[in-house]
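Laboratory data are not the source of any read-out in this text; all were calculated from the coordinates shown. Please read all numbers here as calculations on a predicted model, not as lab measurements. Here the Cβ positions follow ideal geometry from the backbone for every residue, glycine too, while neighbour counts run over all protein chains shown.
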Amino acid sequence: MRQIAALLVAVGVTAGMVPVGTQTAQAQSMSRTEAQAKRETIARLLKPVSISFNDQRLEDVMSFIEQLTGAEMEIMWLDDRNPDGLDKEAVITLTVKNVDALTLVEKVIAKAQFDSLSGGNSWQMSDTGAIQIGPKARLNTYRRVEIYDINDLLLETPDYDNAPEFDLSQVLQSGQGGGGGGQSPFQDQNDNDEPTVPRSERADDLRALITELVEFDQWVDNGGDAASIRYWQGSFIVNAPDYVHRQIGGYRWWPARRAAQGTATVERRWVTLDARYEHATIDGFTQHPVTATAGGSGGASGPPGGGG
């Protein structure tokens, strides 16, 4: 008993003297551990599988997948306390070839969906790194708030297609007459700038696009009660369950897997909207090789000034 008491005292003293920096490091370590646990669970579910189920109980099918992959699963079954859940006695008939186990899970829970009023079945990741599988009505009880910066999506790139024309004859006439008339050689005939769309309206269009493409029935704006989205100073504030968040921003910790050709590819399961400029071009300018220099002193042979 004295040894146990001494151990408790030692633990209490140690815990009471943890500095703030150490607490921050511990919190960061816990965050990394959570992401690592989720990554390991998904990596196990990316295992390829080919199998055929013929009138098998849903509970037996899910148990088989759990044992095959070793992934930790939290399955939301139907019971006396939960009227919304997966029916263990549901009969599954399904054949898949060379798909990952996560795809198999999605196909199985789609087969197990009988009541369209519950919003369907889905999966999401828990805080402990396990995969939660069940009706969306049950998954909706686990929500979190995420802030998505959309400033790059609201950026409007101007299109300079009305450059002024240069009247060379006017310049030559002004030079011969001497003194100049003070008139600009640039002829800008069209000075009608197109009105720009306010950022708030562009944000509303983007919000409507997201709520239409991602889980339409779950948004408050569409009559649901699971997810809400608000715009605030260049960001979307989204309060939603994890299966909605992963379709908006995906999982940063999603593991990479190699294709059959040996090239590294990343399979991601979400819609990405971004402002990319790989295909943007500047019209009217081309590259030409420089064969000589004039008026300089660097590298060119002959007298300064070029000798023309």
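Just so you know, in region 54-101 the residues that are of a type in the set (Asp, Glu) and out of contact with any Leu (no Cβ under 8 Å at 6 or more places or on another chain) include one that is surrounded by the most Cβ atoms within 10 Å (Cβ to Cβ), and it is Glu66. Applying the criterion of being closer than 19 Å to Pro135 by Cβ and over 16 Å from the mean Cα position of the chain (by Cα) to the residues of region 221-246, the residue that is surrounded by the fewest Cβ atoms within 10 Å (Cβ to Cβ) is Gly223.
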